[in-house]
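The values are calculated or read from the model by the stated rules, or taken from the named source; none is laboratory data. All values reported here derive from a predicted model rather than from experimental measurement. Positions of Cβ are generated from backbone atoms using ideal geometry, with glycine treated the same way; all protein chains shown enter the neighbour counts. Only protein heavy atoms, including side chains, enter the accessible area calculation; ligands, DNA and RNA are left aside. Shrake-Rupley method; radii C 1.70, N 1.55, O 1.52, S 1.80 Å.
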Amino acid sequence: MTVSNALFNEAQVIKDTNSALEDIQETLALSLVDSLKDGDHITTPTVINMLKDLEDMQLKYYDRLEDNENTQGALENQEQSGDEETAK
């Protein structure tokens, strides 16, 4: 497996993880709304903290995805430079 294939696979895993985190956030947000409607304010801070934690996780994954894409771009540039030098 080449480095670029590994990076592509990692990017896909990151995107899938972010999608799952978004689903969890939506579920928690709906749960928060339901608990507020029911007048249950005991769980509200807990749910809000969970939503914040999920958002922090997503931001870390987005940073990781950006690093991954930058590395892929650098590898592609390196390969192109190598091809140009070989052609000379």
Rounded to a whole number of µm²/s, how large is the Stokes-Einstein D of the chain at 20 °C and 1.002 mPa s, given Rh as the Kirkwood radius over C-alpha pairs? 136 µm²/s
When the dipole is taken about the Cα centre of the chain, and only Lys, Arg (+1) and Asp, Glu (-1) are charged at their Cβ, what size is it in debye, to the nearest 20? 200 debye
Grab the beta carbon distance between LEU75 and ALA29, set R0 = 35 Å, and tell me the FRET efficiency rounded to 0.05. 0.35
Surface share of carbon and sulfur [accessible, 1.4 angstrom probe, percent] for the chain: 53 percent
